[in-house]
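The block underneath contains the structure these notes are about, expressed in structure tokens.
Read-outs throughout are calculated quantities, based only on the coordinates presented, and are distinct from any laboratory measurement. Small disclaimer: the values here were computed from a predicted structure and weren't measured. Here Cβ is always computed from backbone atoms with ideal geometry, including for glycine, and neighbour counts include all displayed protein chains.
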Amino acid sequence: MTHPTYAVSQRIVHLRQRALNDEPCMRAFQGYRGWLFCEGHAEAEGLSSVQRRARGLARVLRELPIALWEDERLVGHHYLGDEQLDFPDIMGWDARRDQRLAETKLSVQQRQRYSLLARSMPRYRGDMSILGPLPEAITSSQERRILSIFGSLLNHSIRGYATLLAKGFMGLADDIQAAMAAADPTEPAYAQRRTFWLAALEIAQAGAELGRRYAAELEHAAAACPDPNRRAELREMADICRQVPAHPARTFREAVQALWFGHTVTCWEDAVNANGIGRIDQILWPYYQDDLAAGRITPEQAMEILAELWVKLYRSYDVQQMMVGGQTADGADATNELSYLVLEVTRALGFVRCLSVRLHRESPRALVRQSVDLLAQGGGIPFFFNDETMIPALTAKQIPLEEARGYAAIGCVEITIPGRAAPHAVSNYMNLAKCLELALHDGVDPADGAQLGPRTGSLTDHESIDDVWRAYQAQVEHFGRLAAQGSNQVALLDSLTFSLPYRSMLTEDCIQRGLDINWGGARHNYHESAAIGIPNVGDSLEALDQLVFQRQQVSRATLLDALAADFCGYEDLQQALLHRAAKYGNDIDSVDTWVARAAAHYCDLLSGIPTLFGGRFFVHLFSFLVMIDFGRATGALPDGRWAGAPLAYSVSAGQGRDESGVTAMLLSLSKLPHDQAAGSSSAIIEVTPKLLEEVGRERFADLLITAIRQGVGQMQWNIVDADILQEAQAHPEEHRNLCVRVSGFSQQFVLLDRALQDHIIARTKHDT
């Protein structure tokens, strides 16, 4: 089957350029969300906290200024440019916000009122006085960057957008009222449930008004428009907004408009950050299919509509995931014609920050091949999830198979079940490399002699690599339990103080149970713990095993001295550690086994720890950008790494250590327990444009298919040239459009800070 190509229209070119130039939507109404939320919140004084938050959001939906931009046919904007300024209910308030507030277009009276209300607003998140501070053992571990606690339900979600499109806000209001009518007022929890229902109902009613407000503005614009063609467009857009999001979408255009409206409300509730769209080819497929059959749309027209949505998403924020491909609930291939149109629009526009493709054994080769064509453009789009590992990982955590097949990405590469889960994405990070350092020093931090972990002996006390491994396990288990404890405490705090009624009404079972998602209303509740530095642990254990214990080429005492000196005066030893011991990423079983063993140990540990509301911890083999911060707090390691240097990214090889080509790197990855990492596993594989040219796109497609069948988990590919990156670092003004894969998202290289640029440049660029 041949798929149509998309010729970008001049209208989309104009809109795209506006987005790239940061005009005009992001900052035109900066501060308005916060001001309106505060006014609504103050108006609801005396009501429950969930009702006060709902009243604040409802006020935003009813009164946020409307702007219509030239040439657009998809209306609505986030209007946000400063999260700290626009979300005092989440971020708090201080004098710095007053300074930023003075730069907004709010009137003097509005600014004064806003500042007063924001200062007096309860801190919905982070007020530890309710439960008391975290235990000292946890806070000190955080300060030392052994672990980092988040425990948050903020952002990192996918609302049940398919439900919104099918029912509209008025249909959701009917569901809420039906649940209220069926409830028994005498049950003990009724009072709490009622407050949630009332809150959700207010948001549903305000959400229905959102489209009507735009419809009225569009009719006004049409009446004043001298161009008959544009006037007809504006009236058609008004008709669409009268239908959605209040009522069910009937056409593809209505579905896309309703989806965008629904997503803007998402970002007004809990900030513009990491909330995904989900499986867009599945959400929109019924509407496209019906329109196509009825002759209401052509593939080219559908791509034009998608292109404008892409522009909106690009301007809004950089981590808003979309996904295509995968499987249906019954296990059939889910790829459809819309999957290909999504890829084609992305190729033609040349910019989107987050798009992933789900692959499995039965994925059409055409999907793989078109994905490779898009990947070849550079920028790291798309990236790939392996159903063969992800679905078993989810079912092992008691997610029903039919629901596990519906997973989608949020944040960078985290996983959720859209509209059915409270994922607590990356509720904590664990520095496993630091745990190994402590295992070599009897639980003592060699930086200052502080006793941080349990006493497990020094390297000089360990007679074998098995002794080292047991000491490492003990350190990981100690700090892993602290991380879980901290995550649960912060989650409990959120359950007592923070609510997300809009997210809840689009998450299955919340309306039926009458419970906010932060109160355990979701069908699936789990936390994710991210394991950092696993490749460094594996490389270090291999070096210890080979050079210290088996070959006895270096004494245990000498190695400790070298680590303490950060290899100063021990340069020959450092070179031996770097080059005489095998390194992960080169398809060498001995070291790959250590990496796999360390990953499996952490997965096993966390899987046995319960979370709030009866869930479990999902391990996430992913580092985001924490490997730089955690690396600064980690001393020299037996793998030859200097103190303070970045740790390995996720489950990618350490910088410059995968020297045997891309196939060897993939084979090393295939040995890891991806099917135990229900939070996902992530690797960025850097290849040069030369490799893709030499092997050809068909062979590269074969490589991807083989990796999927071999059980490689999640793959991100960077098609970059190190020389060009260095040139862009030196002359950023000449390379503003150069995009690279960063960590689950793509970004313009010149916008990254110097440390991150250096890290990306240092990553191996495979040309074989």
Practice task
Please get the size of the charge dipole for the stretch 412-538, origin at its Cα centre, with Cβ charges of +1 on Lys and Arg and -1 on Asp and Glu, quoted in debye to the nearest 20.
Solution key: 580
Practice task
Compute the separation of the alpha-carbon centres of the stretch 360-416 and the stretch 584-610 and state it in Å as a whole number.
Solution key: 22
Handout entry: Dipole magnitude of the chain, debye to nearest 20 (Cβ charges: Lys/Arg +1, Asp/Glu -1, about Cα centre)
Key = 1600
Problem - Descending Cα extents along the principal axes, the stretch 296-450, whole Å - result: 71, 35, 28
Problem - In the stretch 443-515, trypsin sites (Lys or Arg not before Pro) in a DSSP loop with at most 12 other beta-carbon atoms within 10 Å - result: Arg455
Fill in the blank from the handout: Per its Cα gyration tensor (rounded if a/c is under 1.5, else prolate when a/b beats b/c, else oblate), the stretch 22-137 is best filed as prolate
Problem - Alpha-carbon radius of gyration plus Dmax, which is the widest Cα pair, for the chain in Å - result: 26.4, 87
Fill in the blank from the handout: The ³J(HN,Hα) series, computed from each phi in the stretch 192-205 with the Karplus coefficients 6.51, -1.76 and 1.60 at θ = phi - 60°, rounded to the nearest Hz and given as x for glycine or proline, is 5, 4, 4, 4, 5, 4, 5, 5, 5, 4, 5, 5, 4, 5
Practice task
Using only Cα atoms, find the angle between the long axis of helix 465-497 and the longest principal axis of the chain, and express it within 0 to 90 degrees, rounded to the nearest 10.
Solution key: 20
Completion exercise
The answer for the longest stretch of the chain without any exposed GluC sites (Glu not before Pro) (DSSP loop, at most 15 further Cβ atoms within 10 Å) is 104-361
Exercise for the section: Nearest 5 is fine: what % of DSSP beta bridges in the chain come out antiparallel, could you say? Expected result: 35
Completion exercise
To the nearest 10 degrees, the tilt of helix 32-43 (Cα long axis) against the first principal axis of the alpha carbons of the chain is 70
Practice task
Sort the stretch 82-220 into rounded, prolate or oblate with this rule: let a ≥ b ≥ c be the square roots of the eigenvalues of the Cα gyration tensor; rounded if a/c is under 1.5, and if a/c is not under 1.5, prolate when a/b is larger than b/c, oblate otherwise.
Solution key: oblate
Fill in the blank from the handout: Contour minus Cα-Cα span, Trp69 to Asp127, at 0.36 nm per residue, comes to 16.8 nm
Exercise for the section: Determine the principal axes of the Cα atoms in the stretch 359-474, then give the extent along each, sorted from largest to smallest and rounded to whole angstroms. Expected result: 57, 36, 27
Practice task
Working from Cα positions, state the angle (0 to 90°, nearest 10) between the long axis of helix 280-294 and the longest principal axis of the chain.
Solution key: 40
Problem - Cα-based reach from Lys167 at 28 Å (exclusive), listing lysines while leaving out same-chain residues under 8 positions away - result: Lys312
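Using unit Cβ charges (K, R positive; D, E negative) and no other charged atoms, how large, in debye to the nearest 20, is the dipole of the stretch 178-320 about its Cα centre?
In debye, rounded to 20, the stretch 178-320 gives about 160.
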Exercise for the section: For the stretch 667-678, take each phi angle, set θ = phi - 60°, evaluate the Karplus expression 6.51 cos²θ - 1.76 cosθ + 1.60, and give the result in whole Hz per residue in order, putting x for glycine and proline. Expected result: 5, 4, 4, 5, 8, 7, x, 4, 6, 9, 9, 5
